[in-house]
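Here's the structure, in structure tokens; my notes come after.
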There are 2 protein chains.
Amino acid sequence: MSVKFKYNGTLWIEIEGEPVFGPGRVELLERIQQTGSIRQAAIQMGMSYRQAWQMVEHMNSHLSHPVVISQRGGKGGGNAEVTQKGMDAIKQFKAFHLRFHQLLAEQSKDISL
Amino acid sequence: MSVKFKYNGTLWIEIEGEPVFGPGRVELLERIQQTGSIRQAAIQMGMSYRQAWQMVEHMNSHLSHPVVISQRGGKGGGNAEVTQKGMDAIKQFKAFHLRFHQLLAEQSKDISL
DNA sequence: TTACGTTATTCCTATGGGGGAATAACGATA
DNA sequence: TATCGTTATTCCCCCATAGGAATAACGTAA
């Protein structure tokens, strides 16, 4: 029972072996939902627009229905919105992700090395 | 409830934020224990001796007591053995790792996207 | 018709991590 | 003393990938 050692890990949802939803992509979805903009979401997360767009593209292209729908031009220059499917993904992933981290913390107490 | 989507993840034990025991390093420890040789363990896992040695070095250098003790020269050219601490790490990690994967499989059934 | 801010896409660079190769060090054995 | 197979370490190259920069495309508003 040493405080030095901790369990840690990462979690994602995959489809045919390909990771589609992980902590980063889900946080991006949340921020897109909040801001209505891929660019603003990217800035908030300290990443380039290019990287954010690639993450969105990755999710959409691996799913039968998109999680983000975007338009260019128009008021504000364009916009992006998270679909219902995207919101479902956020909700389910975050729920299990939280439980996962609770389990990690709990089990960390029992490490004896 | 789609069979397409699955939870997956990785798990490790870290010390001061530095990963020390993960699936790869623990498997390496097991094979070192079985073979008594870093080189043979590396061959079994399809990696270079150099990489295997670096993994051992990484573990030992981040712990107060080594998980592998090795000697060069002598009968067979040298040898390596896993310490009691190393065996404890193997046992505890594998146990939680198994439980983790059971949880992943179980939760995967409940994904609804 | 121009300006604007965003989405969408291409191109090119660089950088650092991985890995092979080479070599030193070592001690039992014969 | 030579051989052997392993541990231990350094050197160097390469290439995949991350990332910035540049640019096209678009539609509303004034």
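The helix-based estimate of mean residue ellipticity at 222 nm for chain A, built from -39,500 (n - 2.57) per DSSP H run of four or more residues and divided by its residue count, is -16500 deg cm²/dmol to the nearest 500.
Relative to the longest principal axis of the Cα atoms of chain B, the long axis of helix B:84-108 lies at roughly 20 degrees. When the alpha carbon gyration tensor of the protein assembly as shown is reduced to an equivalent ellipsoid, its three semi-axes come out at 42, 18, 16 angstrom, largest first. To the nearest ten degrees, helix A:23-35 and the longest principal axis of the Cα atoms of chain A are 40 degrees apart. Among the residues of A:30-41, the average count of other protein chain beta-carbon atoms within 10 Å of the residue beta-carbon is 0.
Seen from all sides and averaged, what is the projected area of the convex hull of the Cα atoms in the stretch B:19-108, in nm²?
That works out to 6.5 nm², a quarter of the Cα hull's surface.
Counting other beta carbons within 10 Å of each Cβ, put B:TYR7, B:TYR49 in order, fewest first.
Fewest-to-most ranking of B:TYR7, B:TYR49: B:TYR49, B:TYR7.
Here B:GLN51 yields copy-to-copy label distances, from shortest upward, of 2.5 nm, the label point defined as 7 Å from Cα along Cα to C-beta. Placing a label point 7 Å from Cα toward Cβ, how far apart in nm is A:GLU81 from its equivalents in the other copies, listed shortest first to one decimal? Spelled out, the distances from A:GLU81's label point are 6.9 nm. With a 10 Å cut-off around each Cβ of A:8-21, the average count of Cβ atoms from other chains is 5.
Pairs of Cα atoms nearer than 8 Å and 6+ residues apart set the relative contact order; for chain B it is 35 percent. Other protein chain C-beta atoms within 10 Å of residue C-beta, averaged over B:92-101: 3. When the Cα centres of the stretch A:54-113 and the stretch B:90-113 are compared, how far apart do they sit, in Å? So the two Cα centres are separated by 20 Å.
Lysine pairs in the protein assembly as shown 8 or more apart or on different chains: how many have alpha carbons under 15 angstrom apart? Close lysine pairs found across the protein assembly as shown: 10. Kindly express, to the nearest 10 degrees and within the range 0 to 90, the angle between helix B:49-61's C-alpha long axis and the longest C-alpha principal axis of chain B. That helix lies at roughly 80 degrees to the long axis. Label-point spacing at A:ALA105 relative to the other copies reads 2.9 nm, in ascending order, each point sitting 7 Å out from Cα along Cα→Cβ.
Here, each number is a calculation from the coordinates, and none is a lab measurement. Nothing here was measured: the structure is a model prediction, and the numbers come from that model. Neighbour counts are summed over all protein chains in view; Cβ atoms, including those assigned to glycine, are modelled from backbone coordinates with ideal geometry.
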